[in-house]
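Presented below is the structure to which this report refers.
The values are calculated or read from the model by the stated rules, or taken from the named source; none is laboratory data. Bear in mind the structure is a predicted one, so any value in this text is a computation, not a measurement. Cβ placement follows ideal geometry from the backbone for every residue including glycine, while neighbour counts extend to all protein chains displayed. Just the protein is used for accessible areas: all its heavy atoms, side chains included, with ligands, DNA and RNA removed. Shrake-Rupley method; radii C 1.70, N 1.55, O 1.52, S 1.80 Å.
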Amino acid sequence: MANVYKEKFRLRVSDYDKLDQVLISSILDLCQDVAGKHAIELGVGYDDMIVRDIIWMVVRTKVKIIKNPPFSSNVVVKTWPISPGRLDMDREYLILSEDEKEEYVRVTSKWVICSNTTRRLLRAKEAEFKIDSYLEDKLFNEAFDKVSFDENKELKTSIVKTNYLDLDHNGHINNVKYANFMMLGIEEIQNKAIKNFQIDYLHELKANEDVVLNYYVENNTIYVKGSSLNEDSFIARIEIE
């Protein structure tokens, strides 16, 4: 099976904010789409896994916007998995111009597999990819470490609420939606161009929950911790221009 998957998309008006900057949620949505299609090709798609009581869970995603894709343009999205570690594996993504000569966005994500029933983590090799060889090209030179959050900073707070439309077919809030929660709840991000974004997913959110966003700003970087029902749900770092 092909170790790289690519597909052309036309970006929609709804993929941009009022400044015509592509939304982080739209970038994550494209990545989620191609990852899912490639997983099906490799025999590890949702239907292949759920019959074995296994699901994929993304635990960390990092985005670097090199150049904003032109408004309502055609783009090519490429993706490939890196060979599995013991418990996790990375998947890389490139968003390119239609002719594939210009690089717009780089993304990397870290995934685990777990039991759908118990949510117990499983060894990554149990995914059983149908692939001849892995492409080991990583798009980021630096280590893909967790976001640090300094609890001793003077924090600002806002609250957003999840709803039914945020759910995916696993019954938890789709990972794409978390970026929108931050855009809605943090004024310092609004009306700004985002250069870099990383989110670490800690605990599942469900529908109709209040999400408390505690955050602080250092220079051009915003650090966010989202919590619900007294549990930390995610930590994010957002660098703006």
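Which residues, counting only those in the range 151-178, are within 16 Å of S233 (Cα to Cα) and in a loop (DSSP other than H, G, I, E, B)?
Result: E151, T162, N163, G171, H172, N174, N175, V176.
Pick out the one residue from I95, I159 that is open to solvent by less than 20 Å² (accessible area, probe 1.4 Å) and on the phi < 0 side of the Ramachandran plot.
Going through I95, I159 in turn, just one is open to solvent by less than 20 Å² (accessible area, probe 1.4 Å) and on the phi < 0 side of the Ramachandran plot: I95.
Consider N175 carefully, then state whether it is under 19 Å from M57 (Cα atoms), among the polar types (S, T, N, Q) and out of contact with any Lys or Arg (no Cβ under 7 Å at 6 or more places or on another chain).
So N175 fits the description; yes.
Of all residues being touching a residue at least 12 places away in the same chain (Cβ under 8 Å), surrounded by fewer than 17 Cβ atoms within 10 Å (Cβ to Cβ) and not aliphatic (A, V, I, L, M) in the range 45-63, which is farthest from L167 (Cα to Cα)? Just the residue, please.
Filtering first and then ranking leaves D53.
So which strands (runs of 3 or more DSSP E) stay within the range 190-241 end to end and still have 1 or more residues that are without any contact (Cβ under 8 Å) to a residue 60 or more places away in the chain and of a type in the set (F, W, Y)?
231-240
Does the range 181-195 include one or more residues that are polar (S, T, N, Q) and at pLDDT 95 or above?
no
What is the number of the single condition among (1) touching a helix residue (DSSP H, G or I) at 6+ places or on another chain (Cβ under 8 Å); (2) open to solvent by 80 Å² or more (accessible area, probe 1.4 Å) that V211 does not meet?
For V211, the exception is condition (2).
Only one of (1) of a type in the set (K, R); (2) under 22 Å from D168 (Cβ atoms); (3) under 19 Å from the mean Cα position of the chain (by Cα) fails for R119. Which number is that?
It is condition (3) that R119 fails.
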